[in-house]
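The values are calculated or read from the model by the stated rules, or taken from the named source; none is laboratory data. What you see is a predicted model, and the numbers here were worked out from it, not measured in a lab. All Cβ positions, even for glycine, are placed from backbone atoms using ideal geometry, and neighbour counts span all protein chains on display.
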Amino acid sequence: MDETTPGNVLRPDHGRSLACFYWTLMELPSWFRSRHCGWFYFGLFPLSLVEHVAGGYSFLFAFMVKTFFGKGLLAWDFDRTGICCKSSGGDFILKARFGALLSDEKAMKELWCTKGASSYKPCHLCKNVMGRVDLPDRGYLVHYTCTDSSRFDLHTADSFRTMAQNLKLEAGNLSKKDFERLEQSYGLVFDPLGILWCEDLGGIVNPVSHTYWDWMHILMACGGIAQYEFNQYARRLCSAGVSLRALDDLAAEIVWPKGAYWSKKYFQKRVVDKDGAHLKAFANELFQLTDIWRLILQLVVRPAGILELETRSLESMMKIIDILSMQEEALPLVGDLEIEIAQHHAWFLELYPDCNKPKTHWLRHVPSLFREFGCNLSCFSPEKKHKGVKQLALLISANVEKGVLYRAVAENFSSFSNDENMLRPIFLERAQDMEAEWLRAFYPDMQEAKVSKTLRFEGGRVSASDMLWFPATKHLAQASFFLQVRLLNSSEFLIHGDLYQQARLQSLQGSPAETCAMSAASEVPATATAEALPESAASEATEAASPAETATSCAETPSGVVPLDKVETGPGLPAENLCSTCRKPVSEENGVVVARAVGKTATSLRCRACHNLKSRINRVLSHYGSLAQDWTKVTENEKKEFYKKYKEQAGPDLLTRLQETVTESKKTSSAVSFEGTGDFLDEIDLEEKYKNKPDQLAAIKANTRTYFCPVRQVQLFEDVKYKRTAVETEEYAKVQKRKRQSIPLEQGERDETAADSSQCKKGKKEAAKSELPKLKAGGKKKISKKVELMNAKKLQLMDWNCKARGDKVKDLVPGYVVKASTKLVDDAVAFGVECDSILESGHGDADEVIKKADSFMEQLTEMMGRVKCQVDQAHAFVATGASGQE
């Protein structure tokens, strides 16, 4: 059970808020439970009516359990009679029992009628665990921060039932004050209509036997342990001299898979600089943040030798998250998980005593729940269903709970009947048919083949251009697309992409500029069956590849790199092929097949360097929509020159080169409108007009449009008049258009027209003036002031650039930061010259110039802070090293 609020979440009353009840079967595979259809709707209840229900949430929960397992409500139930199900193998009876209640702490407290985390009894599974009191080190009662699990006295189903019955018996015998004290000592809230005191459900449901603490809320959401630890560790790093800006700069260098996003100022905005405070984060973000922390530990913390105990605790927390996120594969590791949680509990209590909450104790119960229930459950999947509830609620005005429930259940049934991939653990999303006769060499009984850019599997999804790691063979691969080969009785899934070698990867240490030259396998570098692929995105994929597919020519060169300009020939290979991009010699062994030979069309190849550069360009453009749109307008010749000059560029440097190329292309482009309008004249008027120009008259009669006027009963000829306007714009196509057609205008004709027609010159000047309005005195003054401020910022940034190039720190300040800063200074200088030209001519758009100047000032300020931070850190590092040597 969980609450959700469609519409305005800041509404002061409950309004359209709903309590959502979901259910599922534990025996369903984990990949199915993790999808939107893996949890089923039971009911929705408006929060505005809960307070009017005697027994509240607990009564509603009891009604839900009675619907499935109670006696008397229906003629059947899951426990005794079961339900009849039909299948292709015949009819069968499905029986089930109540498994567990999965929810966050707030709902758990309401449903089980307990006092909750802020009470003296924060854990209803333990008899002697207390909160809000100071206890001696030795004794029966222990605080929830106790790290020795052997001191926990666990409830049994009978002991908890006895406690609840004692509370019911004393309800009418004790005074109100004494009864409240008894409730406090038991950690219960008595409600005669609550589920604990429902006699029909006494043997069916019990808080001790059917509580499943949700590790998502314990660790990653609503003030989870990981949120506290990540926040406090970031603060300790700041105390050690690593700023939040530096952490953001490092995180910005990570290229995430398709669909993933990371804020550029995440640490600066989300870290709370207070003792006992937790990180402001969504639960899903912590998975990405775990990867970022690993990179920070490897590149910053371990080389500096700082925060040793804090780092051990952080690594322990990340290991716990890794195990828990493995779904059912975490069950064999429950022993390691239990040891890791106990060790982390001790470190966390020692390092961050202000952050120890009851959740640290609840986490100690999670491994035992794995053993008891035999499955790994969390609220990640059921909470995804809130999105569908909110979307449907926007379409309904009255009786929201009923309308949403009916529509949601109907959509679920529709998915089961219409979505052929609903019950498949692995499938291609938006798959398309393809002609792949070359696959018959590997699969003679192939029936059909499909291709897609996205593969869905048990662990999630992978997309084209994503990097895949193969643990079994220690290989790294970049996917290009995915194939499904349907055989007579099964299907196999293939990954098509670039497979890199382990030895070369270790020597490169992740350099993106050099990895593009690594040798790769042939056209099907990695294959996997449907059983092996989902485990870890094709972790065992390369084992199914044939020897020919995994063969490389690394042995021919000591470095393991295949020379890209060397053409290798062999049986079935042409004597020479050229890269379709840079036109260098390439073969199928050291290149990528872009298109196979079909009929008379030759095989199209691309060298490794160009292929990997295209992949890096696509990743950069995916984050900058306007730049991607401009890049499509760059001419093919300019792109080929770009590929030749910048094959080794990556990351921020590649982005800078793309922006420079697009800007240069814009500056050298112009749009010329060439419009023709005409009047229709009869033959007599036309001959009168052109009586001194017989050649033109004959040409007009032969080529112009004609129209027969039914009123005047005469043939009319179109007399076209042309008007040309040339204005510099950021357009790419050098095609001149008039209203009815596109006419290429040659340079000679353009010069002749400009020389012969003074009216065209006059029109051109008037058009230019209309495009650039005259500046007013106030506009000139504002522009001058903005330029002065921008020049001051520019000089300050130039000063910091000089400091960054100093002898002491030039090797410590990243080169890409200095390059980006220098490039920004050059752009600011160019803009200053443009502003001077506008002020001198007296024509221009003042608002546009001021807006652009403000943008430059913001960029200069941000860049100056970035360079200053790098220089200060470099000086601090040098000073620390000098003092260490002394």
May I ask you to list the residues in the range 63-97 that are in contact (Cβ under 8 Å) with a residue 60 or more places away in the chain and either buried (at least 17 other Cβ atoms within 10 Å of the Cβ) or β-branched (Val, Ile, Thr) (or both)?
VAL65, LYS66, PHE69, GLY70
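Just a yes or no: is a residue in the range 131-144 in contact with a Cys (Cβ under 7 Å, 6 or more places away or on another chain), in a loop (DSSP other than H, G, I, E, B) and under 22 Å from VAL366 (Cα atoms)?
Of the range 131-144, the ones in contact with a Cys (Cβ under 7 Å, 6 or more places away or on another chain) are 144.
Adding the requirement that they be in a loop (DSSP other than H, G, I, E, B) leaves 144.
Subset that is under 22 Å from VAL366 (Cα atoms): 144.
Yes, the range 131-144 contains at least one residue that is in contact with a Cys (Cβ under 7 Å, 6 or more places away or on another chain), in a loop (DSSP other than H, G, I, E, B) and under 22 Å from VAL366 (Cα atoms).
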For SER263, indicate whether it is out of contact with any helix residue (DSSP H, G or I) (no Cβ under 6 Å at 6 or more places or on another chain) and more than 18 Å from GLN873 (Cα to Cα).
yes
Got at least one residue in the range 109-120 being among the β-branched types (Val, Ile, Thr), modelled with pLDDT of 90 or more, touching a Pro at 6+ places or on another chain (Cβ under 8 Å) and surrounded by 17 or more Cβ atoms within 10 Å (Cβ to Cβ)?
yes
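Taking the conditions exactly as written (surrounded by fewer than 17 Cβ atoms within 10 Å (Cβ to Cβ) and among the aliphatic types (A, V, I, L, M)), does ALA472 satisfy them or not? So that I can check it myself, show each step before the final result.
On the way: surrounded by fewer than 17 Cβ atoms within 10 Å (Cβ to Cβ): yes; among the aliphatic types (A, V, I, L, M): yes.
Here the answer is yes, as ALA472 does meet what is asked.
Could you go through the range 341-357 and let me know if any residue there is of a type in the set (Val, Ile, Thr) and either in contact with a Cys (Cβ under 6 Å, 6 or more places away or on another chain) or over 25 Å from LYS127 (Cβ atoms) (or both). Don't jump to the end; show me each part of the working.
Let us first name the residues in the range 341-357 that are of a type in the set (Val, Ile, Thr), namely 341.
Going one step further and asking which of them are either in contact with a Cys (Cβ under 6 Å, 6 or more places away or on another chain) or over 25 Å from LYS127 (Cβ atoms) (or both), we end up with none.
No, there is no match, as no residue in the range 341-357 is of a type in the set (Val, Ile, Thr) and either in contact with a Cys (Cβ under 6 Å, 6 or more places away or on another chain) or over 25 Å from LYS127 (Cβ atoms) (or both).
Please indicate, with yes or no, whether at least one residue in the range 359-367 is in contact (Cβ under 8 Å) with a residue 40 or more places away in the chain, over 16 Å from GLY38 (Cα atoms), surrounded by fewer than 16 Cβ atoms within 10 Å (Cβ to Cβ) and out of contact with any helix residue (DSSP H, G or I) (no Cβ under 8 Å at 6 or more places or on another chain). Working first, answer last.
Here is the first cut: in the range 359-367, the residues in contact (Cβ under 8 Å) with a residue 40 or more places away in the chain are 359-366.
Narrowing the set further to residues that are over 16 Å from GLY38 (Cα atoms) leaves 359-366.
Now restrict to residues that are surrounded by fewer than 16 Cβ atoms within 10 Å (Cβ to Cβ): none.
Scanning the range 359-367 turns up no residue that is in contact (Cβ under 8 Å) with a residue 40 or more places away in the chain, over 16 Å from GLY38 (Cα atoms), surrounded by fewer than 16 Cβ atoms within 10 Å (Cβ to Cβ) and out of contact with any helix residue (DSSP H, G or I) (no Cβ under 8 Å at 6 or more places or on another chain).
Every residue, every condition in (1) at pLDDT below 95; (2) within 18 Å of GLY223 (Cβ to Cβ); (3) among the basic types (Lys, Arg); (4) over 29 Å from the mean Cα position of the chain (by Cα), yes or no:
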position: ASP354; (1), (2), (3), (4): yes, yes, no, yes
position: HIS361; (1), (2), (3), (4): no, yes, no, yes
position: ARG364; (1), (2), (3), (4): no, yes, yes, yes
position: PRO367; (1), (2), (3), (4): no, no, no, yes
position: CYS379; (1), (2), (3), (4): yes, yes, no, no
position: LYS384; (1), (2), (3), (4): yes, no, yes, no
position: LYS387; (1), (2), (3), (4): yes, no, yes, no
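Grab the helices (runs of 4 or more DSSP H) fully contained in the range 1-75, keeping just those with 1 or more residues being under 29 Å from the mean Cα position of the chain (by Cα).
Working: elements: 30-33, 47-50, 56-69.
Counting at least 1 such residues, we get 30-33.
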Could you say which residue among LYS774, LYS803 is surrounded by 14 or more Cβ atoms within 10 Å (Cβ to Cβ) and either modelled with pLDDT under 85 or touching a Ser or Thr at 6+ places or on another chain (Cβ under 7 Å) (or both)?
LYS803
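For (1) under 44 Å from the mean Cα position of the chain (by Cα); (2) loosely packed, with under 15 Cβ neighbours inside 10 Å; (3) not aromatic (Phe, Trp, Tyr), each residue gets a yes or a no:
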| position | (1), (2), (3) |
| --- | --- |
| PRO122 | yes, no, yes |
| ARG132 | yes, yes, yes |
| TYR140 | no, yes, no |
| CYS198 | no, no, yes |
| VAL208 | yes, no, yes |
| TYR212 | yes, no, no |
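Consider GLY187 carefully, then state whether it is in contact (Cβ under 8 Å) with a residue 60 or more places away in the chain, touching a strand residue (DSSP E or B) at 6+ places or on another chain (Cβ under 8 Å) and on the phi > 0 side of the Ramachandran plot.
Values: in contact (Cβ under 8 Å) with a residue 60 or more places away in the chain: yes; touching a strand residue (DSSP E or B) at 6+ places or on another chain (Cβ under 8 Å): yes; on the phi > 0 side of the Ramachandran plot: yes.
When the stated conditions are applied, GLY187 passes them.
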In the range 433-452, anything in a loop (DSSP other than H, G, I, E, B) and either touching an Asp or Glu at 6+ places or on another chain (Cβ under 8 Å) or farther than 19 Å from SER480 by Cβ (or both) is listed as TYR443, PRO444, ASP445, MET446, GLN447
Name the single residue, out of those in the range 182-223 being within 30 Å of LEU289 (Cα to Cα) and part of a loop (DSSP other than H, G, I, E, B), that is modelled with the lowest pLDDT.
CYS222
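Filter the range 215-230 down to residues that are farther than 15 Å from GLU315 by Cα and small (Gly, Ala, Ser) and give me whichever is nearest to the chain's Cα centre (by Cα). It would help to see each step written out before you state the result.
Keep residues of the range 215-230 that are farther than 15 Å from GLU315 by Cα, which gives 215-218, 220-224.
From what is left, the residues that are small (Gly, Ala, Ser) are 221, 223-224.
Working: ALA221: 19, GLY223: 23, GLY224: 22 Å.
Among those that are farther than 15 Å from GLU315 by Cα and small (Gly, Ala, Ser), it is ALA221.
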Residue in the range 403-449 that is surrounded by the fewest Cβ atoms within 10 Å (Cβ to Cβ), counting only those that are without any contact (Cβ under 8 Å) to a residue 60 or more places away in the chain and among the aromatic types (Phe, Trp, Tyr):
PHE413
Filter the range 417-432 down to residues that are under 26 Å from LYS453 (Cβ atoms) and not in a loop (DSSP other than H, G, I, E, B) and give me whichever is modelled with the lowest pLDDT.
ASN418
Among residues of the range 224-242, those that are surrounded by fewer than 16 Cβ atoms within 10 Å (Cβ to Cβ) and assigned to a loop (DSSP other than H, G, I, E, B), counted:
2
May I ask you to say which residue of ALA853, ALA820, ALA879 is assigned to a helix (DSSP H, G or I), at pLDDT below 80 and assigned by TED's automatic domain parsing to the domain that holds LYS781?
ALA879
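Taking the residues in the range 454-482 that are in a strand (DSSP E or B) and closer than 17 Å to PRO425 by Cβ as candidates, determine which candidate is modelled with the lowest pLDDT.
Looking only at the range 454-482, we keep the residues that are in a strand (DSSP E or B), and these are 454-457, 460-463, 467-470, 475-482.
So of that shortlist, the ones also closer than 17 Å to PRO425 by Cβ come out as 454-457, 460-462, 482.
Details: THR454: 93, LEU455: 93, ARG456: 91, PHE457: 88, GLY460: 84, ARG461: 88, VAL462: 92, PHE482: 92.
Step by step, filter the range 454-482, then rank; the result is GLY460.
Residue-wise test of (1) farther than 15 Å from TYR228 by Cβ; (2) free of Cβ contacts under 8 Å to residues at least 60 places away in the same chain; (3) of a type in the set (Asp, Glu).
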{"site": "LYS265", "(1), (2), (3)": "yes, yes, no"}
{"site": "VAL271", "(1), (2), (3)": "no, yes, no"}
{"site": "GLY276", "(1), (2), (3)": "no, no, no"}
{"site": "LEU279", "(1), (2), (3)": "no, yes, no"}
{"site": "PHE282", "(1), (2), (3)": "yes, no, no"}
{"site": "LEU289", "(1), (2), (3)": "no, yes, no"}
{"site": "LEU297", "(1), (2), (3)": "yes, yes, no"}
{"site": "ARG302", "(1), (2), (3)": "yes, yes, no"}
